[in-house]
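The values are calculated or read from the model by the stated rules, or taken from the named source; none is laboratory data. Being a predicted model, the structure only gives us computed values, none of them experimental. Cβ coordinates were reconstructed from backbone atoms using ideal geometry, including for glycine residues, and neighbour counts include every protein chain displayed. Remember, those area values only see protein heavy atoms, side chains included, never the ligands or the DNA or RNA. Shrake-Rupley method; radii C 1.70, N 1.55, O 1.52, S 1.80 Å.
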Amino acid sequence: MSQPLLEVRGLKKYFPVKTGFWGREKVVRAVDGVHLTVYPGETLSIVGESGCGKSTTGRCILRLIEPTEGEILFQGRDIRALNAAGLRAARRDMQLVFQDPFASLNPRKTVGQILQDPLIVHGIGTPAERRKRVEEMIEIVGLTRQHLDRFPHEFSGGQRQRIGIARALILRPKLVVADEPVSALDVSIQAQILNLLKDLQREFQLTYLFISHDLSVVRHISDRVAVMYLGKVVEVADKKALYERPAHPYTQALLSAVPVPDPTREVNRIILEGDLPSPANPPSGCQFHPRCRHCMEVCRTTVPPLKEAKPGHLVACHLA
Amino acid sequence: MAPMLEVEHLSTTFAEAGRTLTVVEDVSFSVEAGETLGVVGESGCGKSVTSLSIMRLLGSSAKLDGSIRFAGTDVLRLSEKEMQSIRGNRIAMIFQEPMTALNPLHPIGRQIAEPLRRHLGLSRREAAERAVHLLKEVGIPRAEEIAAEYPHQLSGGMRQRVMIAMAMACQPQLLIADEPTTALDVTIQAQILELMKKVRQEHGTAILLITHDLGVVAEMCHRVIVMYAGQIVEEADVQSLFADPRHPYTVGLLRSMPSISGEQERLQAIPGAVPLLHEMPAGCRFAPRCSKAMAICREQMPELFVVSATQKCRCWLYREEGEA
């Protein structure tokens, strides 16, 4: 296999929180030792439920929030060692698409200005060249030049997400981190955006780190999938292997919980008991053990490492 | 047996800035005791306004036409006071976001006890005891302690359980659930769907389930209506809807969904977007996005044609097959 584009090793992000007025300082372990490898041209998805740390992981990789610990190697260079100027230069190659296309576009700027800003920040081209590049980009994402003089509020959710994608791609980045890019959209519009993302990946040889809670969307868009639970990656595999032979009991329960649009299919579901534990006070040993139906004595005391159960299939479970 | 809920020719209009906006147009359906009817559609199709119309929760800016008969009584002819004795008692509602539907200043137990005291005339102590019992029934652990806690202390799944406990407090004959699991994670959604099935089985409650999730529809509903731009475009039993969808919009909706159980290279998206309320096309409202649109579709609104014993479809393609 080729050299990884991105390698994340032992990434941690702890947020300090105060409990009560006089409360002692506690930490929320939002991301607690994440390992990920992303190869050029592929789509790696991070999937998990709210609070599992998938968005925090994405933002730490771009250093939009500062990680507490760990290494982030992008094209072999540690992103965490860069100074402000170095980081700005590196961000030309790594861009983010946000979930909420209503909150992530400046309402006072026209679409043309929004798309031009990244080029100005990075000192690319003359005004005429920039204008040309903006015009090309807006058409690539399926809008027209006439849209450039309008303001974000004049667009529908799907159109705004096209603008968000155009802004991320205008610098021709290598890596795009897409954080729930279709979650706010209706299914018929969601399909348009998913198709667009796939087309753009082929056209510009993009690498995607795709963050989502929607298991059907993830199956559609990904090459490989990482499942997160309470700040840790519990399973990574090729999408086919992950969906057809999930190894971690959490992945199995997660997949079985998704309602399938087929009324003739018998529902055969693993119902998890209880709620997600708080990341401020995670369980001992394997974090999943209080909800796991295969829980053994060792699971209560020892954290299972993420190890290769089969070639290319990593699982963090004492059973694997 | 007469249906529990019978909606006939319901239209809901709002007057805004000198123009009239029709959000729900000529909608008719019925739900029987023990039956779950799904209402499916995307943002702005009028599904939530339909449910709020039934509850008469839209306020004075909304004008309701047609009839809504609940257990034989026309809800639209009742006084506000009479309506209050039905709401939360014989018809209950679960909303999408339990945090905004619960009062943040009152303990959980007191909020569940309120309808019990008001509608069933229970004493303070009886109502409090019954509230704890209801919390246990919806699977809340440490029910006695939780009853004294406030909504912000609970997780999203727990809050939705509280909403269900509150809705079921007076054993309603009709439960309206508006996107009850949309804000929840899938493993928690699975718990809530199981709970709703249990409630339906034990009390024979009629359920009107409003959702955009066709997976939830397939699992929960007996019959389904599909709404688009304020109108019903298809009505079917759940098997027919998935095995033999008729309306091009329903077909498009099913095809545009990524599947969890198989692979497809490209999704078949529906081009374009839903028309705005004040820019509705003259003919079929789906025509501008429809790959099968004919000349008549752009000129004349199709009726809801009967295409089989259990299926109706608002599309000119089915004109010969059935009669309206």
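For the reader, a short list of remarks on this structure follows.
- Degrees separating the helix A:111-121 axis from the principal Cα axis of chain A, which is the longest one: 80 degrees
- Interface residues of region B:242-257, defined as a loss of at least 10 Å² in heavy-atom accessible area between the chain alone and the complex of all protein chains with a 1.4 Å probe, are B:F242, B:L253, B:S256, B:M257.
- Cα centroid separation - region A:49-106 against region B:1-70, whole Å: 46 Å
- Degrees between helix B:124-137 axis and first principal axis of chain B (Cα, 0 to 90, nearest 10): 50 degrees
- Within the protein assembly as shown: Cβ-based charge dipole about Cα centre, in debye rounded to nearest 20 (Lys, Arg +1; Asp, Glu -1): 1840 debye
- Annotation: per residue accessible area for region B:1-125 equals 48 Å², rounded to a whole number [probe 1.4 Å, protein chains only].
- Heavy-atom accessible surface that A and B bury in contact, both chains counted, 1.4 Å, Å² to 100: 3400 Å²
- Neighbouring Cβ atoms from other chains, within 10 Å of the Cβ of residues in B:157-163, number 1 on average.
- Relative contact order for chain A: 20 percent, from Cα pairs under 8 Å spaced at least 6 residues apart, divided by residue count.
- Prolate/oblate/rounded label for the protein assembly as shown (Cα gyration tensor, a/c 1.5): oblate
- Threshold 40 Å² - residues in region A:156-190 whose accessible area is reduced by that much or more when the chain is no longer isolated, probe 1.4 Å: A:D186, A:V187, A:S188
- Among A:R167, A:R219, A:R108, the residue with the largest mean-square fluctuation in a Gaussian network model of chain A, with springs joining Cα atoms closer than 10 Å, is A:R108.
- Per residue, in Å², the accessible surface of region B:176-324 once ligands and nucleic acids are set aside, probe 1.4 Å: 40 Å²
- Region A:104-170, accessible area per residue, ligands and nucleic acids excluded (1.4 Å, Å²): 47 Å²
- Tail weight of P(r) past 26 Å, computed on alpha-carbon pairs of region B:170-324, percent: 36 percent
- Complex-versus-alone comparison for region B:263-281, residues with a loss of 10 Å² or more in accessible area, probe 1.4 Å: B:E263, B:Q264, B:E265, B:R266, B:L267, B:A269, B:I270, B:G272, B:A273
- Helix A:157-169 and the longest principal axis of the C-alpha atoms of chain A enclose an angle of approximately 80°.
- B:F305 long-range amide H proximity, modeled H, under 5 Å: B:C313, B:R314, B:C315
- Near B:K312: Cβ cut-off under 10 Å, other residues only, Lys/Arg at +1 and Asp/Glu at -1. The net charge is -1.
- The separation of region B:182-218 from region A:202-223, counted between C-alpha centres, amounts to 29 Å.
- Chain A: antiparallel DSSP beta bridges as a percent of all, rounded to 5: 60 percent
- Greater than 25 Å apart at Cα, pairs in A:K240/A:K310; A:K13/A:K198; A:K54/A:K174: A:K13/A:K198
- Each residue of region A:240-254 was assigned a 3J(HN,Hα) from its phi angle through the Karplus expression (A = 6.51, B = -1.76, C = 1.60, θ = phi - 60°), giving 4, 4, 5, 7, 9, 9, x, 9, 7, x, 5, 4, 4, 5, 4 Hz with x at Gly and Pro.
- Taking a ≥ b ≥ c as the square roots of the eigenvalues of the alpha-carbon gyration tensor, region A:104-170 is classed prolate because a/c is 1.5 or more and a/b outweighs b/c.
- Once C-alpha pairs closer than 8 Å and six or more residues apart are averaged by separation and normalised to the residue number of region A:105-218, the relative contact order reads 26 percent.
- Considering only beta bridges that DSSP places wholly inside the protein assembly as shown, some 60 percent are antiparallel.
- Residue pairs exceeding 29 angstrom between C-alpha atoms, taken from B:K47/B:K198; A:K26/B:K198; A:K239/B:K136: A:K26/B:K198; A:K239/B:K136.
- Here the dipole of chain A is about 640 debye; that uses its Cα centre as origin and unit charges on the Cβ of Lys and Arg (positive) and Asp and Glu (negative).
- Distance between region A:247-320 and region B:259-312 - C-alpha centres, whole angstrom: 41 Å
- Heavy-atom surface analysis with a 1.4 Å probe gives chain A a carbon and sulfur content of 50 percent of its accessible area.
- Once backbone amide H atoms are built at 1.01 Å from N, A:L96 has A:V177 as its partners under 5 Å, excluding neighbours fewer than 5 places away on the same chain.
- Options A:L171, A:G157, A:Y208, ranked by Cα towards positive dipole end of region A:138-266, top entry (Cβ charges): A:L171
- The GluC sites (Glu not before Pro) of region B:229-304 that DSSP puts in a loop, and whose beta carbon has at most 11 other beta carbons within 10 Å, are B:E263, B:E265.
- Take each residue in A:251-260, count the other chain C-beta atoms within 10 Å of its C-beta, and the mean is 5.
- With θ taken as phi - 60° and the Karplus curve 6.51 cos²θ - 1.76 cosθ + 1.60 applied, the whole-hertz 3J(HN,Hα) list for region B:292-300 is 9, 4, 10, 4, 4, 4, 7, 9, 10 Hz, x standing for glycine and proline.
- The dipole here belongs to region B:97-182: it is taken about the Cα centre, uses +1 on the Cβ of Lys and Arg and -1 on the Cβ of Asp and Glu, and is about 280 debye.
- Antiparallel DSSP beta bridges within chain B, percent to nearest 5: 60 percent
- For region A:63-193: rounded, prolate or oblate by the Cα gyration tensor [a/c cutoff 1.5]: oblate
- Our summary gives region A:159-210 a relative contact order of 49 percent, counting only alpha carbon pairs under 8 angstrom and 6 or more residues apart.
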